[in-house]
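Accompanying notes for the structure given below.
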Ligand SMILES: Cc1ncc(C[n+]2csc(CCOP(=O)(O)OP(=O)(O)O)c2C)c(N)n1
């Protein structure tokens with residue numbers, strides 16, 4: 001396949017890339033290589049392409065992504081640690097026509113917020129949950145998360161996670177999948193352009209699922225935290 | 001639907017019916033004695049079929065208060081109710097409501113504690129309600145009902161104050177008021193606000209961002225300490241305005257009083273009788289009942305302290321509001337406390353004995 005040079009593209013005035021209109025100009029605080037930035041962009045692109053800016057209410061959580069409200073130009077509610085699905089439940093029930101989604105890390109969703117996650121999914125709340133699983137507590141400096149793989153070193157498992165001491169990694173989506181209230185579930189990665197595109201498609205389908213009232217939609221995104229890897 | 005009806009109702013039932021009539025948008029609760037009738041009454045009334053009010057039994061108190069947080073953040077009139085252990089679990093959420101400047105109604109039908117304690121009436125959560133409860137420099141507007149009629153009337157008062165100042169409000173009742181039945185006139189019907197009215201009245205609410213305005217963000221987070229200090233000072237300034245304008249108290253035979261009883265909630269009701277009994281014995285007792293526990297009626301008490309020889313504070317706890325009464329009295333007269341704990345409620349005679357013995361002690365000097 002013949003490659004087109006950037007000069008040619010520029011000369012012909014073809015648009016191959018544009019700024020995502022729903023991303024604000026704010027300088028992102030994420031570390032280099034952090035996948036939150038990628039996922040933010042995908043969420044913003046999908047909201048834009050689906051024309052949902054005026055109809056979306058985002059529920060932020062506590063974790064590295066706590067400032068998501070500075071980056072995506074929609075109305076936001078910042079929830080306490082783990083409780084975003086409960087916040088989203090009320091927001092959706094009181095505003096049934098809106099797209100209501102949460103954006104949560106694995107500590108937020110699968111440790112402190114386990115009860116809220118399971119019960120929102122079990123009730124089949126028509127919300128979407130964007131679950132970014134980096135297998136660590138990023139914001140507080142790299143402690144073990146429920147999702148931390150066995151053997152992985154973190155600041156609270158300096159010898160590596162040992163099942164006898166810390167239990168086994170929790171694959172919460174395997175639990176959630178069994179609940180009748182869940183209408184859509186996908187697990188994606190954002191490590192290559194192709195995977196990024198399929199992750200974006202999953203986010204779109206999740207939003208479509210909750211807007212159609214087909215139950216809770218969960219997209220788990222396997223992410224990397226380079227800063228806190230030992 | 002009739003405008004006014006007189007009914008024989010429990011305090012918890014009156015509160016629930018008043019919430020529907022007020023045009024409340026959502027109730028989120030978790031069962032706990034002695035307030036489960038609030039959720040039960042709402043579920044039996046099924047207001048989602050009439051006014052459109054959302055009623056939910058949450059999976060826990062943290063979930064319930066965070067549902068309230070979500071509803072409040074989109075400008076709705078939302079509420080929750082609980083007791084002791086459940087209110088403790090809600091404290092983080094209450095602090096978030098205060099930090100994000102969200103109006104909401106929290107009802108605590110107090111039981112005795114600490115721990116699982118007892119399901120009998122108590123007033124032991126005064127400190128928790130009035131002095132903070134959750135973390136950070138914040139205040140709740142705290143209303144103390146003294147009977148079933150107040151349970152019905154304080155719903156609209158609490159919501160109106162909460163929305164006027166964007167501060168969460170609490171109705172601090174106790175098990176006796178929640179459970180006892182009295183004749184009550186329910187408040188008139190008001191319709192719920194429409195989506196358009198909410199967007200217009202509460203321009204801060206997260207309801208979906210139209211092209212015409214910048215995005216609304218409801219958060220309590222601020223990492224820049226200078227900005228955080230400014231925000232905190234602005235909140236304190238708002239609290240000062242509430243103190244100046246919204247302090248409420250009720251006086252019973254205080255004009256000629258030579259000794260003062262101070263009591264709130266159910267205690268204040270029972271001890272009107274004590275005042276009458278004392279006057280029959282020749283002691284001119286008066287009663288001051290704080291209706292708002294925060295803002296506290298410091299000035300009303302301070303004024304009366306100028307005319308009485310002593311003050312007796314009667315509470316169903318080990319001595320909590322008495323600290324605020326002592327601050328108001330400023331050391332000018334002795335301020336004593338008489339309390340029963342663990343869910344025991346005293347009789348008017350028992351208080352009469354306590355009042356008379358204090359009277360004799362003070363006037364023997
Ligand atoms: C009630 C409460 N407990 C603890 C914290 C501290 N805390 C902030 S973020 C966080 C963990 C976040 O980890 P995760 O959800 O995996 O998100 P990440 O930062 O990795 O994206 C913790 C424990 C808090 N803010 N609130």
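Just so you know, all these numbers are worked out from the coordinates, no wet-lab data involved. Just so we're clear, the structure is a prediction, and the values are computed from it rather than from any experiment. Backbone-built Cβ (ideal geometry, glycine too); neighbour counts: all protein chains shown.
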Revision key, fill the gap. Fewest to most Cβ atoms within 10 Å: B:13, B:229 sort as B:229, B:13
Study note, to complete from the structure: Cα-based Rg then Dmax for the stretch A:22-89, in Å, read 11.9, 34
Review point. Among rounded, prolate and oblate, which fits the stretch A:116-163 when a ≥ b ≥ c are the square roots of the eigenvalues of its C-alpha gyration tensor, a/c under 1.5 means rounded, and a/b larger than b/c means prolate?
Key: prolate
Exercise for review: Report, to the nearest 10°, how far helix B:148-165 tilts away from the longest principal axis of the Cα atoms in chain B, using its own Cα long axis and a range of 0 to 90°.
Suggested key: 60
Check your understanding: Normalized C-alpha radius of gyration of the stretch B:6-195, against 2.2 N^0.38 Å?
Key -> 0.91
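How high is the relative contact order of the stretch A:31-222, in percent, with contacts defined as C-alpha pairs under 8 Å that are six or more residues apart? Mind dumping the intermediate values first?
On the way: 391 pairs, mean separation 39.5, N = 192.
Across the stretch A:31-222, relative contact order equals 21 percent.
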Review point. Convex hull over the alpha-carbon atoms of the stretch A:143-230: what's its volume per residue in Å³?
Key: 102
Point to revise | Tilt relative to chain B, helix B:11-22 - C-alpha long axis, 0 to 90 degrees, to 10 | key: 40
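Report, as an integer, the average count of C-beta atoms from other chains found within 10 Å of each Cβ along A:70-82. Display every interim value, and only then the final one.
Numbers: counts 3, 0, 1, 3, 6, 14, 8, 13, 11, 8, 10, 1, 3.
Average per residue, whole number: 6.
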Study note, to complete from the structure: Per-residue ellipticity at 222 nm attributable to helices in the protein assembly as shown (runs of n ≥ 4 DSSP H, -39500 (n - 2.57) apiece, nearest 500 deg cm²/dmol) works out to -11500 deg cm²/dmol
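Taking beta carbons within 10 Å but only from partner chains, what does the mean come to for residues B:201-213?
Working: counts 0, 0, 0, 0, 3, 14, 8, 13, 9, 4, 2, 1, 1.
What the average comes to for B:201-213 is 4.
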Review point. For the residue pair residue A:18 and residue B:250, what label-to-label distance in nm results when each label sits 7 Å from Cα along the Cα-to-beta-carbon direction?
Key: 6.5
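What ratio of Cα Rg to 2.2 N^0.38 Å holds for chain B? Could the numbers behind the result be given before it?
On the way: Rg = 21.0 Å, N = 365, 2.2 N^0.38 = 20.7 Å.
Against the compact-globule rule of thumb, the ratio is 1.02.
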Exercise for review: Could you work out how far the C-alpha centroid of the stretch B:267-302 sits from that of the stretch A:186-230, in angstrom?
Suggested key: 63
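In which sequence would B:30, B:252, A:131 go, from the one with the fewest C-beta neighbours within 10 Å to the one with the most? All intermediate terms of the calculation are to be shown ahead of the outcome.
On the way: B:30 22, B:252 16, A:131 27.
Ranking B:30, B:252, A:131 by Cβ neighbours within 10 Å, fewest first, gives B:252, B:30, A:131.
Regarding the stretch B:184-233, what is the average projected area of its C-alpha convex hull, in nm²? Mind showing how you got there, number by number?
Working: hull surface 26.6 nm².
Computed as one quarter of the Cα hull surface, the answer is 6.7 nm².
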Practice item. State the volume of the convex hull built on the alpha-carbon positions of the stretch B:249-362, expressed per residue in Å³ and rounded to an integer. Key: 87
Practice item. Over all alpha-carbon pairs of chain A, lay out the pair-distance distribution in 5 Å bins, whole %, shortest bin first. Key: 1, 7, 14, 18, 19, 16, 10, 6, 4, 3, 1, 0, 0
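From the square roots a ≥ b ≥ c of the eigenvalues of the alpha-carbon gyration tensor of the stretch B:224-277, which class results: rounded (a/c under 1.5), prolate (a/b over b/c), or oblate? Display every interim value, and only then the final one.
On the way: a/c = 4.89, a/b = 3.41, b/c = 1.43.
Here the stretch B:224-277 falls in the prolate category.
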Check your understanding: Which three semi-axes in whole Å describe the equivalent ellipsoid of the stretch B:111-249, each the square root of 5 times a Cα gyration tensor eigenvalue, listed largest first?
Key -> 32, 23, 14
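Classify the stretch B:313-365 as rounded, prolate or oblate, taking a ≥ b ≥ c as the square roots of the eigenvalues of its Cα gyration tensor: rounded when a/c is under 1.5, otherwise prolate if a/b is larger than b/c and oblate if not. Before the final figure, lay out each step's value.
Values: a/c = 3.28, a/b = 1.19, b/c = 2.77.
Note, shape of the stretch B:313-365 comes out oblate.
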Revision key, fill the gap. Taking B:135, A:27, A:36 and counting other beta carbon atoms within 10 angstrom, the fewest-first order is A:27, B:135, A:36
Check your understanding: So, how do all the Cα-to-Cα distances of the stretch B:142-219 break down into 5 Å bins, in percent, from 0 on up?
Key -> 3, 12, 18, 17, 15, 12, 9, 8, 4, 2, 0
Review point. Taking every residue in B:19-28, how many Cβ atoms of other protein chains lie within 10 Å of its Cβ, on average?
Key: 1
Revision key, fill the gap. In units of 2.2 N^0.38 Å, the Cα radius of gyration of the stretch B:194-321 is 1.62
Study note, to complete from the structure: Percent of all alpha-carbon pairs of the stretch B:57-156 at distances over 15 Å, whole number, is 62
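Give me the one-decimal Kirkwood hydrodynamic radius in Å for the protein assembly as shown, with the sum taken over alpha-carbon pairs.
Details: mean 1/r = 0.0383 Å⁻¹.
One over the average 1/r among Cα pairs gives 26.1 Å for the protein assembly as shown.
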Review point. Given the options A:208, A:12, A:49, which has the most mean-square fluctuation in a GNM of chain A, springs set between C-alpha atoms less than 10 angstrom apart?
Key: A:12
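Starting from the coordinates of the alpha-carbon atoms of the stretch B:110-188, obtain the Kirkwood hydrodynamic radius over all distinct pairs and give the value in Å to one decimal. Could you put the intermediate results ahead of the total?
Working: mean 1/r = 0.0730 Å⁻¹.
Computed over Cα pairs of the stretch B:110-188, the Kirkwood hydrodynamic radius comes out at 13.7 Å.
Stick to the Cα atoms of the stretch B:1-92, pair each with every other, and give me the Kirkwood hydrodynamic radius in Å at one decimal.
Working: mean 1/r = 0.0745 Å⁻¹.
Kirkwood radius, the stretch B:1-92: 13.4 Å.
May I ask for the percentage of alpha-carbon pairs in the stretch A:43-162 that lie more than 23 Å from each other? Don't skip to the answer; put the middle values down first.
Working: 2373 of 7140 pairs.
Here the long-distance tail beyond 23 Å is 33 percent of all Cα pairs in the stretch A:43-162.
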Point to revise | Helix B:348-364 vs. chain B, principal-axis angle (Cα, 0 to 90°, nearest 10) | key: 60
